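Some notes on the structure that comes next.
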Amino acid sequence: MSSQIPAKGGSADEQGPRSLSVDEARRRILGEITPITTAERVALRAALGRTLAETLVARCDVPSSTNSAMDGFALRGSDLPANGTTELELVGESLAGHPFHGEVASGRCVRIMTGAPIPTGADTVVMQEQAEDLAGRVRIGSGHKPGQNVRRAGEDVAAGDALFEPGRTLTPADLGLIASLGLAEVMVRRRPRVAFFSTGDELRTIGQPLGEGEIYDSNRYTLFGMLTRVGVDILDLGAIPDVPEQLEDALRRGSAEADVVITSGGVSVGEADYVKDLLARIGRMGFWKIAMKPGRPLTFGHIGECLFFGLPGNPVAVMVTFYQFVQPALLKLATGREEPPFLVEAEAMCRLRKRPGRTEFLRGTLTRGADGVLQVDLAGRQGSGVLRSMSLASCFILLPEEHGDLEPGEKVLVQPFEALI
Ligand code: AMP
Ligand code: MG
């Protein structure tokens, strides 16, 4: 084997002519994606996590009327004493849902509850705890400001405001805001449809007995989990043996029914690795080597209008490549948004071995040290088939292409799993 160290993306290395950097590969993939525009109208609850397809303009103010931020007494700011105390006549009450209908004249006040409309004439609320209730009269001291403890109509959202633009992924807070406008339904984009299958003669489906040299198909379960969390419609096409005709059938079926087809396995250079040849024949192949570990032999391309990701077979490599490439691609497909990976800095707690020339994704556990600094340790054995390391981990440790070994105490970038969904 040559002692040549592969240089940055696009150079020769020992297994083939071209390796793309992770960033370049992601850029190219995103460049190939046309966001879904088909829309449907759904009930508000069903819109959680969906992509908004319309501009939502507020048809009314939120709050709809000027109201109290406190339990207390509503009065005219001009009646507040500059010093000493003053007494006001208590003439009624305004409760949430039961406003006071008269006017609050000078020298008078109304008992008011949080959220209740400020009656005509009043413009200020004095907290209950800062007033003395004298049965029919209320004594108030100095130190208050006219207009205090009042929430203005439209303070949260003003009628006519563009609240959300198309492409927004609706959050729980968004559902609340939309509900506060009284809207029962919203237009959202169709969810991406993703078909996937595993490849390999050695694969057995859970529930069946294992023969010699056989393994259970675990990739379809991690893929199911990751895709479900991303929020796409899924079509599980099963485990397909390394038989070109069967693989072709599955590819054709998946690409006919879905926006994206994902496979695992069969993309390296072994004899039974048919996936990329099939893709080159029935679709278009983008590339298949990325300067990264794990996940080096990744295939990306098209079958007709359908996007194709041929992920490696190794269980950890499946998850790493999914999060680095497939998830950003699905986000763009669903929303039009391109978001850079969310990375934070942490201190390495142990030595990290790293070969220059490729980006490495180690599995780490993130903790906060006594001094408040984020620290990261390795989560178990790091082989690309050791899925347990993913299960134990709470983040990826991302070691950039140019880096060599890192010593304890050095700063590294980590990608928290929470930010990946
Ligand atoms: P391949 O890329 O097909 O050569 O697979 C690489 C490694 O990942 C082999 O050890 C396979 O047995 C393993 N592997 C492939 N597919 C799966 C799967 N669906 N579940 C678990 N392991 C798999
Ligand atoms: Mg295989």
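Does the range 222-236 contain at least one residue that is within 16 Å of ligand 2 (Cβ to nearest atom) and more than 30 Å from ARG168 (Cα to Cα)?
So far as the range 222-236 goes, no, none of its residues is within 16 Å of ligand 2 (Cβ to nearest atom) and more than 30 Å from ARG168 (Cα to Cα).
Scan THR335, THR321 and give me the residue that is within 13 Å of ligand 1 (Cβ to nearest atom) and β-branched (Val, Ile, Thr).
None of the other options fit; the residue is THR321.
Please give the number of the condition THR222 fails out of (1) within 10 Å of ligand 1 (Cβ to nearest atom); (2) at pLDDT below 95.
(2)
Restricted to the range 85-104, and to residues that are outside any strand (DSSP E or B) and surrounded by 15 or more Cβ atoms within 10 Å (Cβ to Cβ), which residue is nearest to the chain's Cα centre (by Cα)?
PRO99
I need the strands (runs of 3 or more DSSP E) fully contained in the range 329-383, keeping only those with at least 2 residues that are of a type in the set (Val, Ile, Thr).
Because the criterion is at least 2 residues that are of a type in the set (Val, Ile, Thr), the strands (runs of 3 or more DSSP E) in the range 329-383 that meet it are 359-368.
Restricted to the range 197-240, and to residues that are touching a helix residue (DSSP H, G or I) at 6+ places or on another chain (Cβ under 7 Å) and assigned to a loop (DSSP other than H, G, I, E, B), which residue is surrounded by the fewest Cβ atoms within 10 Å (Cβ to Cβ)?
Filtering first and then ranking leaves SER218.
Out of the range 63-84, which residues are in contact with a helix residue (DSSP H, G or I) (Cβ under 6 Å, 6 or more places away or on another chain) and buried (at least 19 other Cβ atoms within 10 Å of the Cβ)?
Selection gives GLY72 alone.
Select from the range 345-372 the residues that are surrounded by 14 or more Cβ atoms within 10 Å (Cβ to Cβ) and β-branched (Val, Ile, Thr) and write down the one among them that is farthest from PRO297 (Cα to Cα).
If we take residues in the range 345-372 being surrounded by 14 or more Cβ atoms within 10 Å (Cβ to Cβ) and β-branched (Val, Ile, Thr), then THR365 is farthest from PRO297 (Cα to Cα).
What residue, among those in the range 257-272 that are touching a residue at least 24 places away in the same chain (Cβ under 8 Å) and out of contact with any strand residue (DSSP E or B) (no Cβ under 7 Å at 6 or more places or on another chain), is nearest to ligand 1 (Cβ to nearest atom)?
This residue is SER268.
Has the range 204-217 got at least one residue that is more than 16 Å from ligand 2 (Cβ to nearest atom), in contact with a strand residue (DSSP E or B) (Cβ under 8 Å, 6 or more places away or on another chain) and either over 30 Å from TYR274 (Cα atoms) or among the polar types (S, T, N, Q) (or both)?
For the range 204-217, residues more than 16 Å from ligand 2 (Cβ to nearest atom), in contact with a strand residue (DSSP E or B) (Cβ under 8 Å, 6 or more places away or on another chain) and either over 30 Å from TYR274 (Cα atoms) or among the polar types (S, T, N, Q) (or both): absent.
Can we say GLY295 is within 16 Å of ligand 1 (Cβ to nearest atom), closer than 20 Å to ALA25 by Cβ, buried (at least 19 other Cβ atoms within 10 Å of the Cβ) and of a type in the set (Gly, Ala, Ser)?
Here the answer is yes, as GLY295 does meet what is asked.
The values are calculated or read from the model by the stated rules, or taken from the named source; none is laboratory data. As the structure is a prediction and not an experimental result, all values here were calculated from the model. Cβ coordinates were reconstructed from backbone atoms using ideal geometry, including for glycine residues, and neighbour counts include every protein chain displayed.
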